[in-house]
Structures are given as structure tokens and as C-alpha cells.
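**Q** Please read through the structure below; I'll follow up with questions.
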Amino acid sequence: MKLQSLTIGLLCSGLGLIAVSCNKDDAASPTTPQAGATAANFTVGEGDLQLETGVLADGRIKCTYEAFTQAIFADAATTGVAPSPCAPTAFNTALAPYVTELNRATLAERQNYSLLSQLSQLYTYVDPATPYFGADGSLTDFAAKTKRSLESFWNMPNEVTLHGQHVNSLQNREAIAAVYRNFSTASEQAAYANADFIIANYVLPSTVFKTSPLLALDGFATTGLTTRTGKVVGDLIVIGDGLVQVMNEAGVNKQVTFAGILGHEWAHQIQFNNYEAWYGPRVNTAEQTRMTELEADLLSSYYLTHKRGATYNWKSSAEFFKLFFNIGDCSFISEGHHGTPNQRMAASRLGWIIAQETMPMGHILTAQETHDLFIASLQSIIDNKIDSSAAMANLKTPQLKAVFGKIVEREREVKSILTGQLNSTAIENL
Ligand SMILES: [Zn+2]
């Protein structure tokens, strides 16, 4: 078995973050884990350790920053959505020591990385424990408070479940066995045998698998899933400890990071509730993904900066967004393309403008109203497809027309973000 490449993906639903991709030789690999076998004998997730993840494909919003490596290796594509320049970012810099650590790990560890990252992610779907947040639990209270705030803000009580993702789940026998029960054909006994084997042979001998934030780097929203054992997962949001940790090491406050990511994923839950009406059939094109991501950015910014939402000012929010939008999404032909960082920052600024304009009324727009403003702004300002008077005419109520009028007054400011005319410091100081 040859290790061919280390590809890095990230966040928001992709299986196999930082997936170690292995090319299998024709030489047969043992398929049954047994005491004394070396880890290198097993290809990733093969044989009795194989996991079935197909069940997850339909229920997730395509929201993965899988192009992370392209950001590092700057591999500009020439088709799909028109590319714009991408460069290594503060997030990539903060992540680099952990990627280096993994690259320097043993061959066996690198070969097992994909399986362990998959186990870590899959456990977040079926984790029955009272959730905690942050590896040390320091974000647990804040997570509960922010979730209640979002429930109230968007009028979605008791709908969404919020789970953490923790590196130390990989040392938890019950956790790994639960993944095999729900995502493979393993019997109860075999699920525990796999768990014991993996912990003893892969996790405990490895420093990386006990500590690396790369194994808790997910952030995603999902809906309507049922595992093969019939367990209903429902509307779920997952936020990994490692993601918050790395964002923090790159310079953004942990609470702002957590609220920002949760606000963005919550927006995807709103979209799940309205998907057909807002977007028609799900087609997973770069263009549809770009629209849903830009809208999630606008909705999260609206929540983050609204006085009855998270109450952060624009500067704090913009510092978060700058990093969040630069988690390496440079894959312009990818299905999961999220929009360029400039487009995403412009969408966030639109969310802030809407919050400013609806705040004096002490008012929170409904999701539908906010969506209508997003579409009007997307078509006229971000994509320049129709003029603002045509976009205005499509809005149904005097209130929405009034708010959109305020957006149009700031069109030049939004365009200066879109075109890259303003640098990030100038944007934060707007
Ligand atoms: Zn997203």
C-alpha cells in the first residue's frame, strides 16, 4: 500500500477532513483486525473496520471547505465560477503546525488518519451524551445560551440539536462501538471488538490521535437522516472543538467564533425548512451552493450584529468573517464552492446593514423577509444582473422596500468590498 497524497478538506459536512488518501496495491490486505496485527496491514476503513457513510449523503447541505489544500498550493481552476486570487491565510498558518505534525507522524498513523477522522465525525451524529463544548467544556454555557438566543431570534424552538466534536471521543469505547453499530454491518460484539482494536492499536500509541485538533475540525448542519439501525438524527448542528481552537489560535475570540459558526449553520437549518420554495430542487451545482452559502453568511451576520441577536459590533464580526471566509475555499469548480471571500464579506456586510435598519424598530425580520432582501441584493448588487429598481419592485411590503432602499444607499460601500478595493483593515473599520 502506497501513501500517495495528503489532501486536506475542512469543515461544514465533508467526510474525511484532511483525508489521507491511499492507493491500494493489488497485494491483498488482511481484513480482520486481530491482536498483534500492525496498523499498516489495514487500508483505511477496510474489512471489518469499514464504515458505511452513504446514508449521510442526502441529508447534508453541501458545505465543505474541501479546497483547503488548493488554497495552500494555489491551484487556480479555469472553469466553473470565475476564480479570484487565493492565498494562504491566518487560518492556514495556525493550522500548519498540526498538518506538519501529521505529516511527520508514522506511516501507520497517516494511513489510519482517514478512518479516525471519519469515526470522529460519525460519532457526532449518534452521540447520546449531554453535549459539551470546547475540549475543556469552557464553551458549554455559552453554547446553550447562544442556541436559546437563535431559537428565539428565528422562532425555531426545540427544533435543532447541537453537538460538539471532541478528540477524546476516539479513546471512548462506547463512542467507537456506537459508530460501528450505526454506520456498518458489524454486530454488537464486532462493534466493540473494532473499538477495542482501534483504541489499543491506533489511538493509544499515537500522540496525534489523542491531541490533534485536526480530528475535531468539523462544523456542519444536517437534516432528516436516519442511520442504518433506524436511529433518527434529525436537524443537527455540529461544531468541533478543534475548529474553534484553531480559529482562536489564528486570533479570533472563541465566543465570537462559536456564535459565528453556529449562526451560519443555523442559517442552513432555516434553508432546510424552506429549500424547495426558496431554491427549487436540490441540484448541488457550484452556483446553487454559492447562493445558499452567501445567504447563510448574510443571515448569520444579521443575527450576530442585531441588538436582539448576539449583539456583536461590525468589527468583531468582520474579524471572524475574514478568517471564516478564508478557510481555503479556492476550488472554483467544486460543487461545494462557497463564493469568493470578497463576495462572502459583502454578503455579511449586507446582513449588518439590514440589522442596522431594522434595529430602530426593535424588530426582527422573519426568515422569509430576510431571504427576500438577500435575493434582491444578490441579483442587483452582488451579481449585477438586474438594476436596483427592478429588485425593489420584486419586494412585497413597504417595510422591505424601505430596508432595501437603505441597502441601495450603501451600494458603493458593498461594491468596494466586493471588488477588493477595501483591504481587510478598512473593512473592519467601516
Ligand atoms: Zn455553510
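The values are calculated or read from the model by the stated rules, or taken from the named source; none is laboratory data. What you see is a predicted model, and the numbers here were worked out from it, not measured in a lab. Virtual Cβ from ideal backbone geometry, glycine too; neighbours counted across all protein chains shown.
**Q** Which of the numbered conditions does Asn284 fail, given that it passes all the others? Conditions: (1) part of a helix (DSSP H, G or I); (2) touching a residue at least 40 places away in the same chain (Cβ under 8 Å).
**A** The single condition Asn284 does not satisfy is (1).
**Q** Something else about it: If the requirement is being under 21 Å from Ser114 (Cβ atoms), touching a Cys at 6+ places or on another chain (Cβ under 8 Å) and touching a residue at least 24 places away in the same chain (Cβ under 8 Å), which of these qualifies: Phe209, Phe220?
**A** Numbers: Phe209 fails: touching a Cys at 6+ places or on another chain (Cβ under 8 Å).
Only one candidate passes the filter, namely Phe220.
**Q** Out of the range 180-213, which residues are closer than 30 Å to Thr292 by Cα and modelled with pLDDT of 90 or more?
**A** Pro213 - this is the single residue of the range 180-213 that is closer than 30 Å to Thr292 by Cα and modelled with pLDDT of 90 or more.
**Q** Which ones in the range 273-296 are away from the ligand (no atom under 12 Å from the Cβ) and within 29 Å of Thr140 (Cβ to Cβ)? Talk me through it step by step, then tell me what you get.
**A** Applying the first criterion (away from the ligand (no atom under 12 Å from the Cβ)) to the range 273-296 yields 273-288.
Correct list: Asn273 only.
**Q** Conditions: (1) touching a residue at least 40 places away in the same chain (Cβ under 8 Å); (2) surrounded by 18 or more Cβ atoms within 10 Å (Cβ to Cβ). Ala191 meets all but one. Number of the miss?
**A** Failing condition for Ala191: (1).
**Q** Counting only residues that are out of contact with any strand residue (DSSP E or B) (no Cβ under 8 Å at 6 or more places or on another chain) and among the hydrophobic types (A, V, I, L, M, F, W, C), how many does the range 214-240 have? Before the answer, list the steps.
**A** First pass over the range 214-240, keeping only residues out of contact with any strand residue (DSSP E or B) (no Cβ under 8 Å at 6 or more places or on another chain): 214-215, 224, 227-231.
After this cut, where a residue has to be among the hydrophobic types (A, V, I, L, M, F, W, C) as well, the list is 214-215.
Looking only at that region, the number is 2.
**Q** Tell me, which residue of the range 227-255 that is surrounded by 16 or more Cβ atoms within 10 Å (Cβ to Cβ) and small (Gly, Ala, Ser) is modelled with the lowest pLDDT?
**A** This residue is Ala250.
**Q** Moving to a separate point now. Scan (1) out of contact with any strand residue (DSSP E or B) (no Cβ under 6 Å at 6 or more places or on another chain); (2) within 15 Å of the ligand (Cβ to nearest atom) for the single condition His268 breaks and write down its number.
**A** That leaves (1) as the condition not met.
**Q** Something else: Restricting to the range 170-181, name every residue that is surrounded by fewer than 23 Cβ atoms within 10 Å (Cβ to Cβ) and of a type outside the set (Lys, Arg).
**A** Of everything in the range 170-181, those that are surrounded by fewer than 23 Cβ atoms within 10 Å (Cβ to Cβ) and of a type outside the set (Lys, Arg) turn out to be Gln171, Asn172, Glu174, Ala177.
**Q** Of the residues that make up the range 242-256, is at least one within 14 Å of the ligand (Cβ to nearest atom) and either in a helix (DSSP H, G or I) or closer than 26 Å to Ala96 by Cα (or both)? Please lay out each step first, then the result.
**A** Step one: list which residues in the range 242-256 are within 14 Å of the ligand (Cβ to nearest atom), which gives 243.
Narrowing further to those that are either in a helix (DSSP H, G or I) or closer than 26 Å to Ala96 by Cα (or both): 243.
So far as the range 242-256 goes, yes, one or more of its residues are within 14 Å of the ligand (Cβ to nearest atom) and either in a helix (DSSP H, G or I) or closer than 26 Å to Ala96 by Cα (or both).
**Q** Run down Gly405, Gly339, Gly362 and say which single residue is assigned to a loop (DSSP other than H, G, I, E, B), surrounded by fewer than 16 Cβ atoms within 10 Å (Cβ to Cβ) and touching a residue at least 12 places away in the same chain (Cβ under 8 Å).
**A** Working: Gly405 fails: assigned to a loop (DSSP other than H, G, I, E, B); Gly339 fails: surrounded by fewer than 16 Cβ atoms within 10 Å (Cβ to Cβ).
None of the others qualify; the one that does is Gly362.
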